[in-house]
Amino acid sequence: MKSINYKEDIVITATELKQNLGKFLDFVEQQNDVVITKNGSKIARLTPYVTDIEQYFLVRENALDYQYGGKKVSYEEFMEISKKSTLRMEFVNGEIYLLASPNIMHQEILARLYLIFSDYFKGSNCRVFFAPCDVHFKKNNIKEPDVMQPDMFVACDLEGSVTEKGQYMGTPTLVVEIISDNTRSKDMITKLDTYRLSGVREYWIIDPKQKSIMVYVFTDYEIDWVKAFEKGANAKSQVFNGLSANVEALFNELLSP
């Protein structure tokens, strides 16, 4: 049977379905629809059983890059997919990225950082949140926002930025990412660019492999200051006076993944 592109229907009668059920099930398995008629009227449709995210990747695989300019899904489409899916995912520059579960070393570092940050911001108007929590980053002069799940972020604009469903729709003041070999380039290039363009003021990159903390400060959507803090130093925030993390203590006696 000749394969037909997804969503292109074939119309058959109920009698044809009864006589050739296996044939049409094979057709549906190839990601095609089959419409069944009875007495000249459409009464049912056989469709492939796929999850929303599976359907997205199927469409993306079949899409022509020149037709879509490399952009495979819109912000609205991503919101529909993520709303119906239980998978953790991010939306960056029109692409969907599935997120793997973090290892124990990552989580131990995150827990240590959270204790430092939450203690510092206790009693203030700023709150500390950690993943998984969607943040919609509205980039300067770019229509569609990116949707990411930073490992940790500090929000100081909560008033008026939380929806009735409890979704945060503001812009964090400070964002933290703990990088791994798989996320290194994404965190250090792609995400840095999104945070810079969306009005985030400070970005901490935690590097367990190098045992270092890189702190970026953004002003007017540009990198205004950057410094790497290594063993023997205290990584210091330039936006929040007195907020710091001892590099050696952060990485000391971590459990190996």
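The values are calculated or read from the model by the stated rules, or taken from the named source; none is laboratory data. No experiment lies behind these values; they were computed from the predicted model shown. Glycine gets a Cβ as well: all are built from the backbone with ideal geometry, and neighbour counts include every protein chain shown. Note: accessible area is taken over every heavy atom of the protein model, side chains too, but ligands, DNA and RNA are not part of it. Shrake-Rupley method; radii C 1.70, N 1.55, O 1.52, S 1.80 Å.
Our coupling estimate for the range 78-93, obtained by passing each phi through the Karplus curve with A = 6.51, B = -1.76, C = 1.60 and θ = phi - 60°, is 4, 4, 5, 5, 5, 5, 9, 10, 9, 6, 7, 8, 10, 10, 10, 6 Hz, Gly and Pro reported as x.
Computed from backbone phi, the HN-Hα couplings of the range 173-181 come to 7, 9, 10, 10, 10, 9, 8, 9, 4 Hz, rounded to whole numbers (Karplus: 6.51 cos²θ - 1.76 cosθ + 1.60, θ = phi - 60°; Gly and Pro given as x). Near the amide H of ASP224, within less than 5 Å, lie the amide hydrogens of VAL217, PHE218, THR219, all on another chain or at least 5 residues away, with H placed in the peptide plane.
What is the calculated FRET efficiency for ILE189 to THR15, with r their C-beta to C-beta distance and R₀ = 45 Å, to the nearest 0.05? Efficiency at R0 = 45 Å is approximately 0.15. Computed with a 1.4 Å probe over protein heavy atoms only, the accessible area of LEU21 comes to about 90 Å².
Residue pairs exceeding 27 angstrom between C-alpha atoms, taken from LYS191/LYS211; LYS72/LYS143; LYS83/LYS209; LYS139/LYS209: LYS83/LYS209; LYS139/LYS209. Just the protein heavy atoms count here, and of the accessible area of the range 109-257 at 1.4 Å, carbon and sulfur take up 47 percent.
3J(HN,Hα) couplings calculated from phi for the range 18-30 with the Karplus curve 6.51 cos²θ - 1.76 cosθ + 1.60 (θ = phi - 60°) are, in sequence order, 5, 7, 9, 4, x, 4, 7, 5, 4, 5, 5, 4, 7 Hz; Gly and Pro show x. Counted over the chain, the DSSP beta bridges are approximately 80% antiparallel. For LYS139, the amide hydrogen comes within under 5 Å of the amide hydrogens of ASP146, counting only partners 5 or more places away or on other chains and with H modelled in the peptide plane. Among the listed values (i) 7, 34, 39, 17, 3, 0; (ii) 6, 24, 27, 17, 11, 8, 5, 1, 0; (iii) 7, 30, 37, 22, 4, 0, the one computed from these coordinates for P(r) over Cα pairs in 10 Å bins from 0, in percent is (ii). Positive contributions from Lys and Arg (+1) and negative ones from Asp and Glu (-1), summed over other residues with Cβ under 13 Å from the Cβ of MET105, come out at -2. Near ASP193, once Lys and Arg are set to +1 and Asp and Glu to -1 for all other residues with Cβ below 10 Å from its Cβ, the sum equals +2.
Amide H to amide H distances under 5 Å link ASP33 with LYS7, GLU8, ILE10, where only residues 5 or more positions off or on other chains count and H is placed in the peptide plane.
A helix-only calculation puts the chain at -7500 deg cm²/dmol for mean residue ellipticity at 222 nm, using -39500 (n - 2.57) for each DSSP H run of at least four residues, averaged over all residues.
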